[in-house]
Amino acid sequence: MTLDELIIQCKKQNATAQGELYKKYSSVLFAICLRYSPNYTEAEDNLQDAFITIFKKVEQYNGKGSFEGWMKRVTVNTVLQKYRKQRTFDIVDEGQIADEAEVDIESEEIPLEFLLKIVQELPDRYRLVFSMYVMDGYQHKEIAEMLGISDGTSKSNLARARAILKNKIEHYNAKNYNT
C-alpha cells in the first residue's frame, strides 16, 4: 500500500492499515518519545498513547504538509499533554537566569547512549524544555505556549538543563579521559 492508501484505510479504521502505519513509523516516533520521556518504559507508553491519538485524529489530516510531520506533531503534543497535567514547572523571574553554559562534545568520545541517558535523567520540566528547544527547534515563546509557562521559565529551565548536562558531561570526561 502507498502512504496515501494507508491514510485512506486508517481513516476507515482498517486495523491492517493501522498495523502497517505503526510498523512504518514507530521507530521514528519512538525516538521522539525517548527524548521527551524520563525512561524507556515511559517512552513506550507514550508511543502507544501517540498512536492511539493518531488513529483517533487521522480524519483531521487534510493532506497539507507531510503526513510524517503531522504524526510527529501529534506525538509531541500527546506527550506534552501528559506532562502538562503534572504541572512540574517552576515560576522563575527572568532576572535570575544565568548565561547559558556551553560544553564541547566530541561525538566520537561520548556514546550516544550516555547522552540519551543523561537527558532522560533530567527533571521533567528541564527535559521537556531542553528537548523542545535544542532537539526540535521550538522557540521559547512556542514552548511557553505549549507548556503553559512563561518565556522566562522556559529560558530558565533550558539554562538549568544545560548546566546539569554540562556538569555530567564534564564528570564523564574527567572519569574516562583523564589526561
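Quick notes
- Spacing of the two label points (7 Å from each Cα toward its C-beta) at THR16 and THR41, in nm: 3.7
- From phi via Karplus (6.51, -1.76, 1.60), per-residue ³J(HN,Hα) for segment 121-126 in Hz, x at Gly/Pro: 6, 4, x, 3, 4, 6
- Probe 1.4 Å, accessible area per residue of the chain, Å²: 57
- Relative contact order %, the chain, counting alpha carbon pairs below 8 Å whose residues are six or more apart: 23
- Taken along the Cα-to-beta-carbon direction at a fixed 7 Å, the label points for MET135 and GLN48 span 2.1 nm.
- Cα centroid of segment 27-61 to Cα centroid of segment 125-179, whole Å: 21
- Given 16 as the ceiling on other Cβ atoms within 10 Å, longest exposed-site-free region of the chain for GluC sites (Glu not before Pro) in DSSP loops: 1-99
- Overall dimensions of the chain, expressed as equivalent-ellipsoid semi-axes from the Cα gyration tensor (√(5λ), whole Å, largest first), are 34, 20, 13.
- With a simple spin-label model that places each label point 7 Å from the Cα along the Cα-to-Cβ direction, the separation between GLU68 and TYR172 comes to 2.7 nm.
- For segment 137-179, dividing the convex hull volume of the Cα atoms by the residue count gives 75 Å³ per residue.
- Exceeding the 24 Å Cα-Cα cut-off - candidates LYS24/LYS155; LYS11/LYS85; LYS24/LYS141; LYS12/LYS64; LYS72/LYS166: LYS24/LYS155; LYS11/LYS85; LYS24/LYS141; LYS72/LYS166
- FRET efficiency for ILE8 and VAL28, using Cβ-Cβ distance with R0 set to 30 Å, rounded to 0.05: 0.90
- Restricting segment 48-80 to trypsin sites (Lys or Arg not before Pro) that sit in a DSSP loop and have at most 10 other Cβ atoms within 10 Å of their own Cβ leaves LYS64.
The values are calculated or read from the model by the stated rules, or taken from the named source; none is laboratory data. What you see is a predicted model, and the numbers here were worked out from it, not measured in a lab. Note that each Cβ is placed from the backbone with ideal geometry, even for glycine, and that neighbours are counted across all protein chains shown. SASA here: full protein model, heavy atoms, side chains in, ligands and nucleic acids out. Shrake-Rupley method; radii C 1.70, N 1.55, O 1.52, S 1.80 Å.
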